[in-house]
Amino acid sequence: VRCVQETGKVLIKGQSTGEDIKIEDDHHRFMKLNNDICLRSQIDCYSIDPETNLPFVFEIKSRSVCPIRYDIENYADYLDYTIQGRKGLHSSFEREYYDLIRGSFLKWSFQLKIGRMDGAFVAFHNTREMFGFEYVKSKEIERRIFGSEIYADACFQVGSKVLMLIMDSVLKDLKNEKFSMLKLGTYSCTMHKKMYVFVELFEENIRWGETDQIEQTEDVRDEVDYYTCLLYTSPSPRDS
């Protein structure tokens with residue numbers, strides 16, 4: 001695969017990252033959402049189908065083993081955890097695939113749909129050792145999560161409409177505010193059966209990742225703190 005061959009040089013320790021090995025092509029695909037929003041999905045790799053002789057694109061995912069994902073801050077304590085077989089409650093590819101269905105396939109399905117990708121190439125590891133690789137088709141991911149491609153398409157359409165309703169409501173409330181960009185986050189509360197929407201305004205456009213631009217207070221350090229405060233101080237539906 002061309003993308004892997006060319007970008008793989010950068011992974012070699014001590015290798016120069018000069019202009020000679022930079023890939024200048026824009027590897028993205030775009031989707032217009034309800035004629036209002038443009039969604040973008042980055043394309044990692046492309047290849048040629050040997051059966052149809054047609055090109056296709058796919059995603060590359062690195063997947064650390066479950067103990068590391070459950071306790072990422074202490075990942076070094078689990079470097080001895082390895083995948084030893086195909087099936088089993090732990091130390092198996094079956095366990096890793098089970099966790100993929102529970103925690104990643106939903107967001108992957110949307111990403112692959114936006115990019116019109118054939119699937120995802122997954123590499124399993126414990127940050128020190130690779131244990132194996134698996135190619136999961138987009139159709140398989142949709143069947144695992146939604147049951148069929150029809151329901152997957154329906155869920156994407158409904159979710160996109162909810163997003164547009166949220167964005168329209170936010171922009172309506174902010175029509176008298178002056179800002180260049182905004183940051184929007186959502187958190188679902190299963191206890192109260194509500195979704196909280198957080199919006200932060202910026203007077204100037206900033207680059208993604210410049211977190212020092214985000215205003216912090218003593219009570220609210222980030223969205224999670226605010227969400228936790230709401231969760232434990234808001235009255236229960238049973239009390240109202």
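The values are calculated or read from the model by the stated rules, or taken from the named source; none is laboratory data. This one's a predicted model, so the numbers in the text were calculated from it and none came from an experiment. Note that we place each Cβ from the backbone using ideal geometry, even for glycine, and neighbour counts take in every protein chain shown. Heads up: the accessible areas ignore ligands, DNA and RNA and are worked out on the full protein's heavy atoms, side chains in. Shrake-Rupley method; radii C 1.70, N 1.55, O 1.52, S 1.80 Å.
Only one of the numbered conditions (1) of a type in the set (A, V, I, L, M); (2) surrounded by 14 or more Cβ atoms within 10 Å (Cβ to Cβ); (3) within 23 Å of residue 41 (Cβ to Cβ) is not met by residue 83, and that is (3).
Scan the stretch 86-103 for residues that are farther than 17 Å from residue 64 by Cβ and open to solvent by 50 Å² or more (accessible area, probe 1.4 Å) and the total you get is 3.
Residues checked against (1) open to solvent by 80 Å² or more (accessible area, probe 1.4 Å); (2) outside any helix (DSSP H, G or I); (3) in contact with a helix residue (DSSP H, G or I) (Cβ under 6 Å, 6 or more places away or on another chain):
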position	(1), (2), (3)
32	yes, yes, no
35	yes, yes, no
38	yes, yes, no
51	yes, yes, no
58	no, yes, no
74	no, no, no
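Filtering the stretch 145-176 to residues that are touching a helix residue (DSSP H, G or I) at 6+ places or on another chain (Cβ under 9 Å), of a type outside the set (A, V, I, L, M) and exposed (fewer than 15 other Cβ atoms within 10 Å of the Cβ) leaves 148, 149, 151, 153, 159. Of the numbered criteria (1) under 30 Å from residue 84 (Cβ atoms); (2) within 16 Å of the chain's Cα centre (by Cα); (3) assigned to a helix (DSSP H, G or I), the one residue 120 fails is (3). Cβ-Cβ contacts under 8 Å between residues 6 or more apart (or on different chains), taken from a first residue in the stretch 183-205 that is over 16 Å from residue 167 (Cβ atoms) to a second residue that is hydrophobic (A, V, I, L, M, F, W, C) and not in a strand (DSSP E or B), are listed as 187/224; 189/230; 189/231; 191/231; 192/231; 202/179; 203/179. I'd like the full set of residues that are over 17 Å from the mean Cα position of the chain (by Cα) and either aromatic (Phe, Trp, Tyr) or assigned to a helix (DSSP H, G or I) (or both), limited to the stretch 141-151. Listed by number, the residues that qualify are 143, 144, 146, 149, 150, 151. Residue count for the stretch 60-72 satisfying the condition of being open to solvent by 100 Å² or more (accessible area, probe 1.4 Å) and touching a Ser or Thr at 6+ places or on another chain (Cβ under 9 Å): 1. When the residues of the stretch 178-193 are filtered to those that are touching a strand residue (DSSP E or B) at 6+ places or on another chain (Cβ under 8 Å) and not in a strand (DSSP E or B), the one that is surrounded by the most Cβ atoms within 10 Å (Cβ to Cβ) is 179.
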